[in-house]
1. Say a paramagnetic label sat at a point 7 Å from the Cα of GLU232, along Cα to Cβ; which residues of the range 49-84 have their backbone N under 20 Å from it?
2. Give me the distance in nm between label points sitting 7 Å out from Cα along the Cα-to-Cβ direction at ASP248 and LYS148, one decimal.
3. Over the chain, what is the mean sequence separation of C-alpha contacts under 8 Å (at least six apart), divided by residue count, expressed as relative contact order in percent?
4. Mind sorting out which of (i) 22.9; (ii) 16.4; (iii) 18.0 is the real mean projected area of the Cα convex hull in nm² computed from the coordinates?
5. Could you work out what % of the accessible surface of the chain is carbon and sulfur, using a 1.4 angstrom probe and leaving DNA, RNA and ligands out of the count?
6. Between ARG196 and ASN47, how many nm apart are label points set 7 Å from Cα along the C-beta direction?
7. Per-residue counts of other Cβ atoms within 10 Å, averaged by peptide: what ranking do you get for 111-119, 63-71, 196-204, highest first?
8. For the range 154-166, take each phi angle, set θ = phi - 60°, evaluate the Karplus expression 6.51 cos²θ - 1.76 cosθ + 1.60, and give the result in whole Hz per residue in order, putting x for glycine and proline.
Amino acid sequence: NTNYFISVARGYRAGGINQQPNLIESSRPYGPEYADNFEFGFRLKRNNHITNVIIFKTYRKEQQVSISSQVDKSEPNSFLFYTTNAGSGNTIGVEYESSYKLSKSFSIFSNLGLLDTWVNKFTYQSSDSEGNIIEDYGGNRDAAMAPKFMGSIGFDFSIFDISFYTNTTYKSQYYFSDSHDKKSEPYSLTNLTISRSVEKVNVKIWIRNIFDERYSVRGFYFGMIPPDWPEELYLSFGDPRQFGITLDYIF
């Protein structure tokens, strides 16, 4: 009922060609990325609970990163994204999952993730509206889109043949991009599902983001407002409150 494991593996992500028409020739191709990953973990299973723990360390070589730049500061439509290689970086983290069955009709679940990332300093090239080559710098900090802390907790409860499942997730702040230092705000979301099964029919009523939390998932930093066209942060937000009904029939 208790399992331990050690894993050593190499991952690979193919290179490619950026398709942006305004991108300079030298920035169009990007190379493959290699990741050497080391993991240790264990799984503990008992009559009323299951626990999984994984500790990992990853070394990334020729790390692929997402870069954004604005070719013409007075033309918002010249804002573009592309992929380049950052040289190297590393990631270390811990993942924890558990589920406890406290009674026949009540169970509780929890997940926790801790992540520490690093991207070494790198350079990348872009151009301005006159075709001049501009050399910019990135890295020497945490990776983008990599929150240091993520977690969730939820429970499953049944009464009178009706099941209630709810969970709350949390995500800490993180960098929006590898090409600027703007960060998200931490946020939490709560979801609820109520279900009932009668013979071959299962009906679910679900609500996502119950409290209608307004949270940003992406951030873009560029100039859009004349006459000086200052660079500002523009946010893309996640889904608002949603609800629906799902009907399943087993033939």
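The values are calculated or read from the model by the stated rules, or taken from the named source; none is laboratory data. These numbers were taken from a predicted model, which means no experiment stands behind them. Counting neighbours? That spans all protein chains shown, and the Cβs are built from the backbone with ideal geometry, glycine included. Note: accessible area is taken over every heavy atom of the protein model, side chains too, but ligands, DNA and RNA are not part of it. Shrake-Rupley method; radii C 1.70, N 1.55, O 1.52, S 1.80 Å.
1. 69-80
2. Placing both labels 7 Å beyond Cα along the Cβ direction yields 4.0 nm.
3. 13
4. Of the listed options (i) 22.9; (ii) 16.4; (iii) 18.0, (iii) comes from this structure.
5. With neighbouring chains kept in place, the figure for the chain is 55 percent.
6. 3.4
7. 63-71, 111-119, 196-204
8. With the stated coefficients, the range 154-166 comes to x, 9, 10, 9, 10, 7, 6, 6, 10, 9, 10, 10, 9 Hz.
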